[in-house]
Amino acid sequence: MSEPLSLVWLRRDLRLHDNTALYHALKSGRPVIPVFIFDRIILDDLDDRRDRRVEFLVQEVNRLHTELAKMGSTLLVRYGKPIEVWTELISQFTIAEVFANHDYEVYAKDRDQAIGKLLAEHRIGFHTSKDQVIFERDEVLTGKKTPYTVFTPYSRNWREKLTDFYLKSYPTEHYFERFWKTSPEKVPTLAEMDFLPVGEPFPDRTVPDKLLDTYNKTRDFPALPHGTSQLSIHLRFGTVSIRDLARQAKAAEDKTFLTELCWRDFYFQVLDHFPHVEKNSFRREYDQIDWRNNEDEFEKWCQGQTGYPIVDAGMRQLNTLGWMHNRVRMITASFLCKHLLIDWRWGEAYFAKKLRDYDLSANNGGWQWAAGSGTDAAPYFRVFNPTLQAKKFDPKGIYIRHWVPELDEPTYPKPIVEHTLARQRAIDTYRKALARK
Ligand SMILES: Cc1cc2nc3c(=O)[nH]c(=O)nc-3n(C[C@H](O)[C@H](O)[C@H](O)COP(=O)(O)OP(=O)(O)OC[C@H]3O[C@@H](n4cnc5c(N)ncnc54)[C@H](O)[C@@H]3O)c2cc1C
């Protein structure tokens, strides 16, 4: 094969519509071929072989493959370690340039640097672009040109900057005839990668305008089937365009949903600017907390057996669906860190294993918020009361009864810890740690 090609490497942007890297590849003037790698460095680490994310990826990669086949082209799908796959691709094709979209996680940044170096050694250009957020890196800074560490002023600035320019879609469709014409290649199956299907359908990729118009009134009530969008898995893997969604949210009567998308950008920029948060507290002094880290209590929390119905309902929803309502994520996370005094990193790692929408930046941000150690954290002495939270946000107990049907049976456990005692213990422990400085 001698014709020089432009390759576009899809990662968290599994769509042909409004995809920045794809747009630039199509405009390069050369035939374009998209590539997707099932990354063994990530997949080999997953111990549950029924993983919703891998199942979703296989479904979406097949969808793209079919769309491209209809245009007389294909998606090159490989299963392996990126550096090995790229070495092979370089020997198999005449590649002029490679295009990809930015990723902000430490692993991904290191990976891209290594691939960029490999491509450069073969005199192949590597071009990367912003795609999965509205604003990235240094685009929203304080007056002193430093990154924001508090959400409210960040969001004010974010909104001021949010002109139509940033919400315009990249019209990839106009250039689809530039996909390289070739016969379809084979896509690896779940079984070939040693995974099993769960078979449950995934949420829809669209959100009705009506939900956005009333989102502020519905979003905190986990019993409502459509109180939130459930788009998180699509945002995670880029099967929806953030620009399309933000445009829709900006046009809605209620702007609360737009604020949620701003939170998403905020946590991406926190991870990008402060990579230490991946392993440590954003506020270093919180790493001095003497966590109790009781393994038996952790196991009960994981299994939804704490005797606090709203916590147990949330954990069971997570274990069954791979998704948990945001309000309940806040309650379960706070309960682990404050009531049980278990290191937030344990909870973060458990969510990372189970969430179908797992995203390092949002998950880390949510956990550090709950632990009080994060950028925008509430003062440590504010401890959620899970019983009051349940009364307020699940007043009829519909959500709880759905996930904890044995609530009134003698088999349902007594509370693992008494609230007033746990609250005081958390405050004392935090105070002691922070006094050390
Ligand atoms: C402890 C904890 C862990 C979390 N872990 C994750 C995670 O791994 N992945 C993830 O996408 N979200 C995470 N969140 C944020 C939030 O809970 C989910 O985004 C939301 O529940 C997904 O459901 P939805 O799509 O119906 O959300 P909606 O309420 O419909 O919101 C729309 C979108 O906005 C974004 N969003 C909403 N809230 C937040 C937030 N607080 N931070 C960042 N983005 C937000 C998400 O992309 C979401 O899909 C976490 C929150 C907490 C408290």
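The values are calculated or read from the model by the stated rules, or taken from the named source; none is laboratory data. All values reported here derive from a predicted model rather than from experimental measurement. Counting neighbours? That spans all protein chains shown, and the Cβs are built from the backbone with ideal geometry, glycine included. Accessible surface areas use protein heavy atoms only, side chains included; no ligands, DNA or RNA. Shrake-Rupley method; radii C 1.70, N 1.55, O 1.52, S 1.80 Å.
Here region 277-431 is treated as an ellipsoid with the same Cα gyration tensor; its semi-axes, largest first and in whole Å, are 24, 18, 14.
Any idea which of Tyr350, Leu14, Val207 is furthest toward the positive side of the dipole for the chain, if Lys and Arg beta-carbons carry +1 and Asp and Glu beta-carbons -1? Going by the charge dipole, the pick is Val207. Relative to the longest principal axis of the Cα atoms of the chain, helix 360-371 runs at roughly 10 degrees. Taking a threshold of 24 Å on the Cα-Cα distance, which of the pairs Lys210/Lys354; Lys168/Lys255; Lys353/Lys432 fall above it? Going by Cα-Cα distance, Lys210/Lys354; Lys353/Lys432 fall outside the 24 Å limit. Relative to the dominant Cα principal axis of the chain, helix 52-70 is inclined by about 30°. In region 292-437, taking the dipole from charged Cβ atoms about the Cα centre, the farthest positive-side position among Thr375, Leu407, Ala435 is held by Ala435. Summarising the amide proton neighbourhood of His127: residues at separation of 5 or more, or on other chains, whose placed amide H is nearer than 5 Å comprise Val98, Phe99, Ala100. Applying 1/(1 + (r/R0)^6) with R0 = 45 Å to the Cβ-Cβ distance of Ser169 and Arg49 gives a FRET efficiency near 0.75. In this Cβ point-charge picture (+1 for Lys and Arg, -1 for Asp and Glu), region 314-371 has a dipole of about 180 debye about its Cα centre. Taking all protein chains as present, what is the carbon and sulfur share of the accessible area of region 277-431, in % to the nearest whole number, probe 1.4 Å? Carbon with sulfur: 54 percent of the solvent-accessible area.
Just to be sure I understand: with springs between alpha-carbon atoms less than 10 Å apart, which residue in Gly227, Gly143, Gly29 has the highest mean-square fluctuation in the Gaussian network model of the chain? Checking each option, the largest mean-square fluctuation is seen for Gly143.
GNM remark for the chain: springs join alpha carbons under 10 Å apart, and the peak mean-square fluctuation among Arg284, Arg316, Arg219 falls on Arg284.
Pairs from the list Lys130/Lys217; Lys81/Lys109; Lys338/Lys392; Lys27/Lys145 with a Cα-Cα gap above 23 Å: Lys130/Lys217; Lys27/Lys145. The spacing between region 244-293 and region 100-126, judged by their C-alpha centroids, is 25 Å.
Please work out whether region 159-233 counts as rounded, prolate or oblate from its C-alpha gyration tensor, where a ≥ b ≥ c are the square roots of the eigenvalues and a/c under 1.5 means rounded, while otherwise a/b larger than b/c means prolate and anything else oblate? Oblate. The charge dipole of the chain, taken about the Cα centre with unit charges on the Cβ atoms of Lys, Arg (+1) and Asp, Glu (-1), comes to about 1160 debye, rounded to the nearest 20. Largest to smallest in accessible area, the residues Trp323, Trp346 fall in the order Trp346, Trp323 (1.4 Å probe, all protein chains included). Mind checking which lysines have their C-alpha under 18 Å from Lys70, skipping anything on the same chain fewer than 8 residues away? Partners found: Lys181, Lys186. Each of the peptides 363-370, 53-60, 411-418 was scored by the mean count of other Cβ atoms within 10 Å over its residues; in descending order, highest first, they stand as 363-370, 53-60, 411-418.
Tell me, how many Å apart are the Cα centres for region 378-395 and for region 1-30? When both Cα centres are located, 48 Å separates them.
Calculate how steeply helix 209-218 sits against the longest principal axis of the alpha-carbon atoms of the chain, using the helix alpha-carbon long axis, and give the answer as 0 to 90 degrees to the nearest 10. With both axes taken from Cα atoms, the answer is about 20 degrees. Along region 245-259 the Karplus relation, 6.51 cos²θ - 1.76 cosθ + 1.60 evaluated at θ = phi - 60°, assigns HN-Hα couplings of 5, 5, 4, 5, 5, 5, 7, 5, 4, 9, 9, 5, 5, 4, 5 Hz to successive residues, with x for each Gly and Pro. Solvent-accessible area per residue in region 1-131 equals 40 Å², computed with a 1.4 angstrom probe and all protein chains kept.
When every alpha-carbon pair in the chain is counted, what percent end up more than 39 Å apart? For the chain, the share of Cα pairs beyond 39 Å comes to 24 percent.
Under 5 Å from the amide H of Asp51 lie the amide H atoms of Leu196, each residue being 5 or more positions distant or on a separate chain, with H modelled from the backbone and absent for Pro and chain starts. If we count every other residue with Cβ under 13 angstrom of Glu348's Cβ, Lys/Arg +1 and Asp/Glu -1, where does the sum land? Taking every other residue near Glu348 into account, the sum is +2.
Surface exposure of region 240-282, expressed per residue as accessible area with a 1.4 Å probe, stands at 35 Å².
Place a +1 charge on the Cβ of each Lys and Arg in region 277-431 and a -1 charge on the Cβ of each Asp and Glu, then give the dipole magnitude about the Cα centre in debye, rounded to the nearest 20.
420
Accessible surface area normalised per residue over region 292-437 is 43 Å², counting heavy atoms of protein chains with a 1.4 Å rolling probe.
From the P(r) of region 210-326, can you give the percent of Cα pairs sitting at distances over 21 Å? Walk me through the numbers before you get to the answer.
Values: 3885 of 6786 pairs.
Result: 57 percent of Cα pairs exceed 21 Å.
Remark: accessible surface ordering of Lys354, Lys117 (largest first) is Lys117, Lys354, probe radius 1.4 Å. For region 1-131, the carbon plus sulfur part of the accessible surface works out to 51%, probe radius 1.4 Å.
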